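Single-structure report; data block below.
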Amino acid sequence: MSDPPFVIIMEKEIEIKYHGIFDSHAHYDDDKFDEDREELLKSLADHGVEKIINIAADMESCKTSCELAEKYDFVYSAAGVHPHAAEEVYGTDYLTKIEEYLSNKKVVAIGEIGLDYHYDFSPRDIQRAVFEEQLALAKQLDVPVVIHSREATEDTLELLKKYRPKGVVHCFSGSAETAAEMLKLGLYIGFTGAVTFKNASKLLLAAQSVPLDRLLIETDCPYMTPVPHRGKRCDSRLVYLTAEKLAELHNVDTQQLIDITHKNTVECFEL
């Protein structure tokens with residue numbers, strides 16, 4: 001599947017208001033950052049972004065994500081296989097390789113892993129098998145996980161209840177009821193720029209229902225670009241827009257929410 005070209009957001013389009021931002025989920029090894037990756041990453045501190053976790057999606061991005069974390073002090077990484085790539089690794093020794101990446105102190109989680117029944121790029125039985133294998137590894141190694149779940153709530157919850165991992169359900173898109181089930185399992189809930197979308201009424205109710213001490217903020221960049229920059233490439237300079245919306249929902253100051261979510265991210269990933 002080919003993606004439309006992204007327009008790069010210019011410096012003058014972003015107002016610098018906050019500090020200490022922790023973007024808990026990004027994909028800076030994505031080829032959509034090839035044009036300006038180093039320049040952009042070096043500029044983030046000037047926009048209040050203090051730390052980032054760069055998340056892998058397949059075995060190649062496990063490698064490139066780890067390399068980014070080794071290059072930049074403020075970047076951490078996660079190693080894991082997304083459900084889209086599950087068929088690529090099924091039946092291979094990929095778990096051994098993930099465990100090797102986790103020996104690097106900058107690799108702080110297994111992720112992103114989970115189920116995606118919207119696209120079904122990998123057969124569902126293989127998605128479930130690879131998800132379960134990685135959950136078992138996380139349990140064995142006592143490391144957090146980064147969960148992707150799209151149109152697969154029932155099966156996701158079944159496996160989460162079986163393994164009871166620690167970590168975060170990222171880019172949450174479910175209901176308040178589903179969020180409550182995730183919270184009962186001790187998981188954090190991550191929200192993206194989707195909370196700023198016009199059709200986000202159900203998501204806003206879910207976000208409002210999550211206690212402040214269980215919230216994480218993320219970009220999922222280069223995707224999930226918040227309003228008013230829809231259609232442009234997302235990056236960590238924009239995560240403050242998600243923070244502003246969540247702060248509004250929880251009736252707190254935005255900088256306070258940023259400080260809380262920074263603390264939550266440190267605790268979630270045991271940094």
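For the reader, a short list of remarks on this structure follows.
- Remark: Y117, Y76, Y101 ranked as Y117, Y101, Y76, counting other beta-carbon atoms within 10 Å and listing the fewest first.
- Note that the range 82-96 has calculated 3J(HN,Hα) couplings of 5, x, 4, 9, 4, 5, 5, 9, 4, x, 9, 8, 4, 5, 4 Hz, one per residue in order, obtained from phi through the Karplus relation 6.51 cos²θ - 1.76 cosθ + 1.60 (θ = phi - 60°); glycine and proline are x.
- Applied to the range 97-106, the Karplus parametrisation 6.51 cos²θ - 1.76 cosθ + 1.60 on θ = phi - 60° returns per-residue 3J(HN,Hα) values of 5, 4, 4, 5, 4, 5, 6, 7, 5, 7 Hz, with x for Gly and Pro.
- Prolate/oblate/rounded label for the range 1-137 (Cα gyration tensor, a/c 1.5): prolate
- Here, the chain is characterised by an Rg to Rh ratio of 0.93, where Rg is the alpha-carbon radius of gyration and Rh the Kirkwood radius.
- Cα centre as origin, Lys/Arg/Asp/Glu Cβ charges: the range 17-268 dipole, Debye: 780 debye
- Peptide packing: for 177-183, 35-41, 49-55, the average count of neighbouring Cβ atoms within 10 Å per residue gives the ranking 49-55, 177-183, 35-41, highest mean first.
- Shape of the range 117-271, Cα gyration tensor, a/c cut at 1.5: prolate
- Ascending count of other beta-carbon atoms within 10 Å, so fewest first, for M10, M59: M10, M59
- Among L68, L141, the ranking by other beta carbons within 10 Å of each residue's beta carbon, starting with the fewest, stands as L141, L68.
- In the chain, the calculated helix contribution to ellipticity at 222 nm averages -12000 deg cm²/dmol per residue, counting -39,500 (n - 2.57) for every DSSP H run with n ≥ 4.
- Exceeding the 30 Å Cα-Cα cut-off - candidates K97/K161; K17/K97; K42/K198; K51/K97: K17/K97; K42/K198
- Over 31 Å (Cα to Cα) - which of K32/K245; K184/K232; K63/K263; K12/K263; K12/K105; K32/K184 fall in this group: K184/K232; K12/K105; K32/K184
- Reducing the range 1-78 and the range 152-184 to their Cα centroids gives an inter-centroid distance of 26 Å.
- Highest average first, the peptides 229-237, 167-175 ordered by how many other beta carbon atoms sit within 10 Å of their residues are 167-175, 229-237.
Taken together, the values in this text are just the output of simple stated rules run on the coordinates, not laboratory data. Owing to the predicted nature of the structure, the values given are computational and were not obtained by experimental measurement. No Cβ is skipped: glycine too gets one built from the backbone with ideal geometry, and neighbour counts run over all protein chains shown.
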